1. I want the local charge near ALA393. Using Cβ-Cβ distances under 13 Å, sum +1 for each Lys or Arg and -1 for each Asp or Glu among the other residues.
2. Points 7 angstrom from Cα along the Cβ direction at ALA215 and ALA228: gap in nanometres?
3. Just subtract the alpha-carbon distance of ARG69 and ARG396 from 0.36 nm times their residue separation and send over the number in nm, one decimal.
4. Can you give the FRET efficiency for VAL253 and SER86, using 1/(1 + (r/R0)^6), R0 = 41 Å, r = Cβ-Cβ distance, to the nearest 0.05?
5. Mind giving me the nanometre distance, one decimal, between the label points for ALA240 and CYS149, set 7 Å out from Cα along Cα→Cβ?
6. At what distance in nm do the modelled label points of GLU350 and GLU114 sit from each other, each positioned 7 Å from its Cα along Cα→Cβ?
7. Could you please report the charge total around HIS297, scoring K, R as +1 and D, E as -1 over all other residues with beta-carbon less than 9 angstrom from its beta-carbon?
8. Would you mind checking which residues have amide H under 5 Å from GLU270's amide H? H placed 1.01 Å from N; only 5 or more apart, or other chain.
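Coordinate-derived values only; no laboratory data. Owing to the predicted nature of the structure, the values given are computational and were not obtained by experimental measurement. Note that each Cβ is placed from the backbone with ideal geometry, even for glycine, and that neighbours are counted across all protein chains shown.
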Amino acid sequence: MHAADRCRHLRAAAYGRQVGSLRSSRCFFVIFVHVFARVLLWCIMAMPCAADFIPRAAECTSYWSFRARLRDVDHLLTGEAVARPSEVRAVPAPSCGHGFACGSWTLRPSGIIEGSLQLYVYTVDSMPDSPMDVLFIAVKVAPGQLRGCLFDAESKRETGFFAASEVPWSRLACRTIRRRAVREYASLPPFSLAAHPPLRAQATPLRLEDYRVGAQSPVYYIPAYFSAAEEVAISSQLTASEHLWRSMRGRRVQECGSSLSADGKGLVAEELPPWLQSVCQRLQRDGIFPAVFPPNHVTVNEYTRTQGIAAHADGPIYAPVVAIASFYSSAAFYFYGRQPRLRKELQWDENTDTPAHKPDGPPVECLLLRPRSLLVFSGSAFREQCHEVRACADARETLPTSVPLVNGHLANAEQGQVVERGRRVSVTVRHLLDILLSPESFTFTDL
Ligand SMILES: O=C(O)CCC(=O)C(=O)O
């Protein structure tokens with residue numbers, strides 16, 4: 001090889017090496033910057049939550065996996081919990097049944113975390129009517145690790161113990177749940193037990209027991225729950241939301257609080273319009289809905305003077321209570337006999353546009369629903385009995401003589417009386433089970 005060629009070759013080789021090393025150092029630099037940025041991002045996102053149990057930012061939400069062992073319960077209870085400053089909400093894993101718990105916590109100067117929870121654990125078949133009130137104390141045993149004991153709120157007896165680990169933000173598997181939790185809980189107003197007293201507390205201004213009617217369990221009829229002025233205001237809200245009505249067989253309907261997800265497989269939560277939010281707030285204030293099952297879904301039905309709704313029960317997607325407000329016209333409301341396992345039925349009857357339940361035998365009780373009244377029912381009346389508002393061809397309804405009229409004293413009515421029917425609007429308020437809202441996010445991993 002000539003000297004010039006050798007020189008060219010060497011220069012080329014040197015240049016090549018230089019280009020190569022330049023390429024690899026640039027690549028190294030890009031990777032370095034990328035990794036550094038990710039670590040920095042991870043630190044920024046994880047630090048306020050993971051470094052300490054006490055969230056530093058007011059809106060900080062931390063996410064936890066827990067295992068609990070309860071006295072008298074054979075299996076280990078596992079699940080997920082979301083903590084915000086002074087508030088905690090927990091959802092047991094589906095393998096432990098469904099349920100929900102929420103409550104509050106505080107940090108004592110001694111470093112002990114103290115709190116209280118209202119706990120429901122249920123299956124579709126068995127729905128507790130009142131929550132289990134538990135107290136807990138916990139200590140941080142390592143960063144992001146808690147150990148604690150549970151106590152029965154009434155007897156103060158220890159009922160179990162638990163361990164909770166914070167799920168770091170960076171764990172891929174938790175992202176969906178995190179996103180859901182952040183979305184769901186960020187939209188809720190700050191929770192305080194004082195604002196939502198437990199069911200058994202006597203702090204509510206309304207004494208529901210005064211309005212209990214009939215022999216079935218438990219049905220309440222509250223006359224004039226809404227004022228005449230409120231009824232007029234609702235009329236203008238309905239006029240403003242004219243475009244939301246959907247025509248169904250025998251009635252028009254507005255569904256508020258959830259809608260079908262884009263893939264059609266589930267439901268996604270939607271904010272209720274302000275007028276319905278204030279109706280729901282009042283129902284919560286009056287202790288009609290337990291704190292852990294806040295009203296989150298409303299069906300507004302509009303009937304002409306001759307229309308009604310076929311006998312049905314509300315299906316297992318709601319729990320554990322329903323409140324029906326009536327406006328503008330009276331109508332008779334029938335309950336049928338108990339049919340255990342009724343709500344397991346998930347079919348839809350296309351002919352009546354109601355869940356496909358068939359009552360077994362004649363009605364057992366009748367109520368006259370006056371305008372501005374509120375009907376509330378739960379327990380077996382909600383789970384095991386069909387209800388109905390009958391269509392009425394001549395818009396004149398005769399209250400039956402063969403079926404007990406259980407609220408005659410509160411509705412100023414008697415058996416055999418003829419009641420004129422006009423256009424009627426009912427506002428049916430329920431709690432749609434959380435588990436149905438974005439079900440894909442309920443992919444729990446046991447610890
Ligand atoms: O209009 C009523 O009073 C009954 C409504 C009802 O049963 C329902 O919305 O499921």
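1. Working: positive: ARG305, ARG390, ARG396, ARG421; negative: ASP394, GLU397.
Summing Lys and Arg as +1 and Asp and Glu as -1 gives +2.
2. 3.9 nm
3. Contour length minus the Cα-Cα distance gives 111.8 nm.
4. Computed FRET efficiency for VAL253 and SER86: 0.55.
5. Modelled inter-label distance: 5.4 nm.
6. 6.1 nm
7. Details: positive: ARG430; negative: GLU255.
Its environment carries a net charge of 0.
8. Those lying under 5 Å, H to H, from GLU270 are GLY257, SER258, SER259.
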